[in-house]
Amino acid sequence: MKKKVSLPMQILIALVLGIVVGLICYFAGLEDLTTNYLKPFGDIFVNLLKFIVVPVVLFSMIDGILSMNDLKKVGSVGVKTVVYFMVTTAIACVIGLVFANIFNGAGLFPVLDTAGAEYEAKEFGGFMSTLVSIFPTNMWQSFSNANMLQVIVIALFFGGSILAAGEKANLCRDIVSSFYSVIEKLMSFVIALSPIGVFTYMAWVVATQGAAILGSLALVLLCAYLGYIVHAVAVYSFSAKAFAGMSPLKFFKGAFAAMIFAFTSTSSAATLPVSKECAAELGAEDDIAAFVLPLGSTINMDGTAIYQCVATVFLASCAGIHLTIGQMVIVVVTATLASIGTAGVSGAGMIMLAMVLEALGIPVAYIGLIVAVDRLFDMGRTCLNVTGDIACSICVTKWEGKKAKK
Ligand code: ASP
């Protein structure tokens, strides 16, 4: 009988093939071929994922809340999840700053010419107006703009209200659960295509951006990647072992498919369907994963926080600014907030970097110095972001299980 190759294996093969084809195209000077004929297939795949992301987040969260069937449990899972997210993100900032300062102190960061740097930053209206904007005035607008923070607020209110309405809301419960089953099927169809997405994107990135790795920003990239790796090994291995009683090896093996997928797609939101499969494989309870993962893909961005800290120190050094301890504390606070505000889509972390730079008085235009290689930073940070969400789902499952036993 023919044995079916598992999805993680297919993704791994696609990744390796993508690198090989990318390198061949790079050395043969065929970069355009990958841009014109391979990347579009990756784009089609990511478009498909984007088109299901709003219903996935909406129905997954409402379904998660309904399956918990108890507002108290929702509150308890919510608090544990948010605390886990905040603590790990703050640790990520510290790790990012430590590495950035080591590199900077050792004179490893290049000093780039800032004269021609150009970047048009998005306007930030301050903390309070950002907070207000999370609450939607028109839910159809939230859906059509894929404003995920608003979609989460809508899901929380609807889920909570259906629970509170009791028996009268039975029809609504059935509708949600029926819709969610359809969406799960849809997700599995789209996920089956993920090796194509991984292959085409990887070939394109290697062929078109390979040179950047050898260029002047190589050491800044290395610094960020060291931060990503240390955070994954230290924080997620520790969480898996200490809180979920799982060997780190088993954890990373289980999360592998989502990690590779995030690495190539550079979107936590698009990776959500794959993360759900991985979390289920690792033993996360369905209702908890259905709640934690969509929330995590929207607000939990440890990789983004590390990147923002490294980029801030680097751009400050280009500006000739030496950050004091007090300013580092500002970096930790603003990068934590900025990472929460970062949408789970490609490149969003760089847009939010402007918020951290603004808080420190570093010219936002300097982002122009790193914009060209953002995708390379983004691959690693998205991979870490998604791993953090999966780690949280198994930890919260364990914590809730212990509470139930008591
Ligand atoms: N691409 C990242 C994500 O989806 C966000 C970022 O750009 O940092 O998680």
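The values are calculated or read from the model by the stated rules, or taken from the named source; none is laboratory data. As the structure is a computational prediction, the values presented were derived from the model and not from experiment. Please note: Cβ atoms are built from the backbone with ideal geometry, for glycine as well, and neighbour counts cover all protein chains shown.
Would you confirm, using the coordinates I've provided, whether ILE340 is within 15 Å of PHE85 (Cβ to Cβ), surrounded by fewer than 24 Cβ atoms within 10 Å (Cβ to Cβ) and among the β-branched types (Val, Ile, Thr)? Spell out how you get there, then give the answer.
Details: within 15 Å of PHE85 (Cβ to Cβ): yes; surrounded by fewer than 24 Cβ atoms within 10 Å (Cβ to Cβ): yes; among the β-branched types (Val, Ile, Thr): yes.
The answer is yes for ILE340.
What are the residues in segment 313-336 that are closer than 21 Å to MET379 by Cα and among the aliphatic types (A, V, I, L, M), if any?
Within segment 313-336, the first condition is being closer than 21 Å to MET379 by Cα, and the residues that meet it are 313-315, 335-336.
If the condition is that a residue be closer than 21 Å to MET379 by Cα and among the aliphatic types (A, V, I, L, M), then VAL313, LEU315, ALA335 are the ones that fit.
Write out, first by first residue and then by second, each pair whose Cβ atoms fall under 6 Å of each other, whose residues are 6+ apart or on separate chains, and whose first residue, in segment 270-282, is without any contact (Cβ under 8 Å) to a residue 40 or more places away in the chain while the second is more than 16 Å from the ligand (Cβ to nearest atom) and part of a helix (DSSP H, G or I).
GLU281/GLY254
Among the numbered criteria (1) under 20 Å from VAL56 (Cβ atoms); (2) touching a residue at least 12 places away in the same chain (Cβ under 8 Å), which single criterion is violated by PRO248?
It fails just one condition, (1).
Looking at THR336, THR382 in this structure, which one is touching a Gly at 6+ places or on another chain (Cβ under 7 Å), assigned to a helix (DSSP H, G or I) and in contact (Cβ under 8 Å) with a residue 60 or more places away in the chain? Step through it out loud before you land on a result.
On the way: THR336 fails: touching a Gly at 6+ places or on another chain (Cβ under 7 Å).
Going through THR336, THR382 in turn, just one is touching a Gly at 6+ places or on another chain (Cβ under 7 Å), assigned to a helix (DSSP H, G or I) and in contact (Cβ under 8 Å) with a residue 60 or more places away in the chain: THR382.
Going by the structure shown, is VAL310 surrounded by 24 or more Cβ atoms within 10 Å (Cβ to Cβ), among the β-branched types (Val, Ile, Thr) and in a helix (DSSP H, G or I)? Give the steps one after another, and end with the answer.
Numbers: surrounded by 24 or more Cβ atoms within 10 Å (Cβ to Cβ): yes; among the β-branched types (Val, Ile, Thr): yes; in a helix (DSSP H, G or I): yes.
Yes; evaluated as a whole, the condition is true for this residue.
Sort out which residues of segment 286-303 are of a type outside the set (Phe, Trp, Tyr), within 20 Å of THR89 (Cβ to Cβ) and in a helix (DSSP H, G or I), and write them in order of number. It would help to see each step written out before you state the result.
So in segment 286-303, the residues of a type outside the set (Phe, Trp, Tyr) come out as 286-290, 292-303.
Next cut, within 20 Å of THR89 (Cβ to Cβ) only: 288-289, 292-303.
Passing the criteria: ILE288, ALA289, VAL292, LEU293, PRO294, LEU295, GLY296, SER297, THR298, ILE299, ASP302, GLY303.
Just to verify a result, which residue in segment 70-107, among those that are part of a helix (DSSP H, G or I) and among the charged types (D, E, K, R), is farthest from ALA165 (Cα to Cα)?
Once the filter is applied, the top-ranked residue is LYS80.
Touching an Asp or Glu at 6+ places or on another chain (Cβ under 7 Å), more than 10 Å from the ligand (Cβ to nearest atom) and more than 30 Å from VAL74 (Cβ to Cβ), is that true of ALA365? Steps first, answer last, please.
Values: touching an Asp or Glu at 6+ places or on another chain (Cβ under 7 Å): yes; more than 10 Å from the ligand (Cβ to nearest atom): yes; more than 30 Å from VAL74 (Cβ to Cβ): yes.
Considered against the rule, which asks whether it is touching an Asp or Glu at 6+ places or on another chain (Cβ under 7 Å), more than 10 Å from the ligand (Cβ to nearest atom) and more than 30 Å from VAL74 (Cβ to Cβ), ALA365 comes out as yes.
Of the residues PHE179, PHE199, PHE158, only one is surrounded by 15 or more Cβ atoms within 10 Å (Cβ to Cβ), in contact with a Phe, Trp or Tyr (Cβ under 8 Å, 6 or more places away or on another chain), among the aromatic types (Phe, Trp, Tyr) and over 25 Å from TYR307 (Cβ atoms); which? Working first, answer last.
On the way: PHE199 fails: in contact with a Phe, Trp or Tyr (Cβ under 8 Å, 6 or more places away or on another chain); PHE158 fails: in contact with a Phe, Trp or Tyr (Cβ under 8 Å, 6 or more places away or on another chain).
Just a single option satisfies the conditions, and that option is PHE179.
Tell me which residues, restricted to segment 50-87, are among the aliphatic types (A, V, I, L, M), closer than 27 Å to THR336 by Cβ and under 18 Å from the mean Cα position of the chain (by Cα). Let's see the steps before the verdict.
First, pick out the residues of segment 50-87 that are among the aliphatic types (A, V, I, L, M): 52-54, 56-58, 61-62, 65-66, 68, 71, 74, 77, 79, 82-83, 86-87.
Narrowing further to those that are closer than 27 Å to THR336 by Cβ: 53-54, 56-58, 61, 65, 74, 77, 79, 82-83, 86-87.
Result: VAL53, VAL54, VAL56, VAL57, LEU58, MET61, VAL82, VAL83, MET86, VAL87.
Counting only residues that are assigned to a loop (DSSP other than H, G, I, E, B), at pLDDT 75 or above and surrounded by 10 or more Cβ atoms within 10 Å (Cβ to Cβ), how many does segment 115-137 have? Working first, answer last.
Taking segment 115-137 first, the residues assigned to a loop (DSSP other than H, G, I, E, B) are 115-126, 134-137.
Next cut, at pLDDT 75 or above only: 134-137.
Remaining after also requiring surrounded by 10 or more Cβ atoms within 10 Å (Cβ to Cβ): 134-136.
So the answer is 3.
Checking the condition assigned to a loop (DSSP other than H, G, I, E, B), of a type in the set (A, V, I, L, M, F, W, C) and touching a residue at least 60 places away in the same chain (Cβ under 8 Å), which residue from ALA391, ALA343 passes? Explain how you work it out, then say what you get.
Working: ALA391 fails: assigned to a loop (DSSP other than H, G, I, E, B).
None of the other options fit; the residue is ALA343.
Identify all residues within segment 12-25 that are within 8 Å of PHE199 (Cα to Cα) and in contact with a Pro (Cβ under 8 Å, 6 or more places away or on another chain); write none if there are none.
ALA14
When only residues in segment 251-285 that are of a type in the set (Val, Ile, Thr) and either assigned to a loop (DSSP other than H, G, I, E, B) or under 16 Å from ASP302 (Cβ atoms) (or both) count, which is nearest to the ligand (Cβ to nearest atom)?
Filtering segment 251-285 down to residues of a type in the set (Val, Ile, Thr) leaves 260, 264, 266, 271, 274.
Adding the requirement that they be either assigned to a loop (DSSP other than H, G, I, E, B) or under 16 Å from ASP302 (Cβ atoms) (or both) leaves 266, 271.
Working: THR266: 5, THR271: 8 Å.
Checking each candidate, the answer is THR266.
Okay, residues lined up against (1) within 15 Å of the chain's Cα centre (by Cα); (2) at pLDDT 95 or above; (3) more than 27 Å from GLY42 (Cα to Cα):
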site	(1), (2), (3)
PHE251	no, yes, yes
LEU272	yes, no, no
ALA290	no, no, no
ASP302	yes, yes, no
ALA305	yes, yes, no
ALA316	no, no, yes
LEU323	no, no, yes
THR336	yes, no, yes
GLY344	yes, no, no
